[in-house]
């Protein structure tokens, strides 16, 4: 069988539903016709095309998915899942193309957009996590009043907070939010660090009673445009690497 990756890729887009049916077991052409509500000629053509790239075989009157077909379908489904996730996080397009964001942060994430009907939803969800966290490691590019109120309340309950803030945020904290800032940093479980700007997004690693969650914030002119919440192993590793990079350049205030 001559290798033709471009043809295989095109067939996956057009014929993935047939492969998905065959992933459940061998099927006769008539079964495929009924399952997909298409003509027999369409099924004949699909089987011929998929057989030509080694994705299926015909055996004893039925069509069987091959190892190539199974692996190709798995790769295609993973690709589609990534594309669907990116489509749901369109606000990321406001970040620079060189931003230190990978698919590890996005795969499996809950995506909360600031839409016109619920513009404060991302911040509301974030403060829900902060309200139950036992420790928070945060890199801040912007001051959010709701987050300040939550921290002010939670540090009195023993929340451990490592806050890495860029110079512009530091100026705002001690100018426009001086009282809550002094209340927060006056607690011994809180450490405030100044860092040079490394990322054009906000990042928080929330240690919760039942695990850890990454909170990724993309901000616009009017506030938080997008919040990604993720607890996958890859997302946690992604966040850990970036926070370690921040900590390496930080100095304690």
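Nothing in this text is a laboratory measurement; each read-out follows from the coordinates by a stated rule. Just so it is clear, the structure is predicted and the values come from calculations on it, not from any experiment. Cβ: placed from backbone, ideal geometry, glycine included. Neighbour counts: every protein chain shown.
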*asked:* List residues of region 48-83, by number, whose backbone nitrogen lies under 11 Å from a label position 7 Å along Cα→C-beta of residue 4.
replied: 49-54
*Label assignment, Cα extents along the principal axes in Å derived from the structure, set [x] 62, 40, 36; [y] 78, 34, 33; [z] 75, 45, 34*: [y]
*Working from Cα positions, state the angle (0 to 90°, nearest 10) between the long axis of helix 121-132 and the longest principal axis of the chain.*
70 degrees
*Cα centroid distance between region 119-162 and region 201-222, in Å?*
9 Å
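Mind ordering 24-30, 182-188 by average Cβ neighbours within 10 Å, highest first?
My ranking of the peptides, most packed first, is 182-188, 24-30.
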_Please compute the contact order of the chain in relative form: average sequence separation of alpha-carbon pairs under 8 Å and at least six residues apart, divided by the residue count, as a percent._
18 percent
_Residue-span extension gain [residue 38 to residue 231] - 0.36 nm each, minus C-alpha spacing_ = 65.4 nm
*Sorted by mean Cβ packing within 10 Å, highest first, what order do the peptides 235-242, 191-198 take?*
235-242, 191-198
*the chain, helix-only ellipticity at 222 nm - DSSP H runs n ≥ 4, -39,500 (n - 2.57), divided by all residues, nearest 500*: -14500 deg cm²/dmol
*Nearest 5 is fine: what % of DSSP beta bridges in the chain come out antiparallel, could you say?*
75 percent
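Using Cβ counts within 10 Å as a stand-in for footprinting exposure, how do 214, 38 rank, fewest first?
By the 10 Å Cβ count, ascending: 38, 214.
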*Calculate how steeply helix 67-88 sits against the longest principal axis of the alpha-carbon atoms of the chain, using the helix alpha-carbon long axis, and give the answer as 0 to 90 degrees to the nearest 10.*
40 degrees
*Cβ-based exposure ranking for 93, 249, in which fewest neighbours within 10 Å come first*: 93, 249
*Potential lengthening between residue 240 and residue 156 on full extension [0.36 nm per residue; Cα-Cα distance subtracted]*: 27.6 nm
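Normalising by the residue count of region 67-153, find the relative contact order in percent from Cα pairs under 8 Å and 6+ residues apart.
Normalised by residue count, the contact order of region 67-153 is 20 percent.
Pairs of Cα atoms under 8 Å, at least six residues apart: use those to get the relative contact order of region 5-80, whole percent.
It comes to 35 percent, rounded to a whole number.
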*For the residues 139, 164, what sequence is obtained by ranking on other C-beta atoms within 10 Å, fewest first?*
164, 139
